[in-house]
Amino acid sequence: MIIPESDTPGYDAHSNAAYCAPLKKYLITVQTHGLGKLLMYQSDDAVHWEQPIVVQQVEPGSIMQPYSTFVAISTDDSTDDMTTVGREFYLYWPLKGTGNSYDHDTWYRRKFTVE
């Protein structure tokens, strides 16, 4: 079990991970599916994960937030393949209906800056 709460029903790791060079931490996102939260965890060793921050919270039940992706902005401390992000990065993710409404997604992004 990578994420401590992952045995909780509805935790979904259809997501992304990256190393954040300025923080010297690994980052991973997890959506809670039925709980309506997109979470970002951080770790010093990619094994033991700290309490998450809530990236987005929506009304639980009818929306999921899978396939989040880290995208680097700053070029001085990130890699082209996005496995390492630097001082500034985006997190992109869609809101998808949990029913058969896969024909239309609403995309979100949030900018993160490490100071």
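Summary table below
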{"quantity": "Cross-link partners of LYS37 among lysines (Cα-Cα below 24 Å; sequence separation of 8 or more within a chain)", "calculated": "LYS25, LYS96, LYS111"}
{"quantity": "Size of the stretch 9-70 as Cα extents on the principal axes (Å, biggest first)", "calculated": "36, 19, 16"}
{"quantity": "Fraction of accessible area attributable to carbon and sulfur, the chain (%, probe 1.4 Å)", "calculated": "51"}
{"quantity": "Estimated Rh, the stretch 48-107: Kirkwood, alpha-carbon pairs, angstrom", "calculated": "13.6"}
{"quantity": "Sorted largest first, extent of the chain alpha carbons per principal axis (Å)", "calculated": "42, 30, 22"}
{"quantity": "Within the chain, percent of DSSP bridges classed antiparallel, to nearest 5", "calculated": "95"}
{"quantity": "Net charge over other residues, Cβ less than 14 angstrom from the Cβ of ARG87 (K, R count +1; D, E count -1)", "calculated": "-1"}
{"quantity": "Qualifying trypsin sites (Lys or Arg not before Pro) in the stretch 6-105, DSSP loop, other Cβ atoms within 10 Å at most 11", "calculated": "LYS24"}
{"quantity": "Long-range HN-HN contacts of GLN56 with modeled amide H, under 5 Å", "calculated": "LEU38"}
{"quantity": "Magnitude of the charge dipole, the chain, Cβ model with Lys/Arg +1 and Asp/Glu -1, debye to 20", "calculated": "240"}
{"quantity": "The chain, relative contact order [Cα under 8 Å, separation at least 6], %", "calculated": "21"}
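The values are calculated or read from the model by the stated rules, or taken from the named source; none is laboratory data. Here the structure is a predicted model, which is why all the values come from computation and not from measurement. Note that we place each Cβ from the backbone using ideal geometry, even for glycine, and neighbour counts take in every protein chain shown. Protein only, heavy atoms only, side chains kept; ligands, DNA and RNA dropped before computing areas. Shrake-Rupley method; radii C 1.70, N 1.55, O 1.52, S 1.80 Å.
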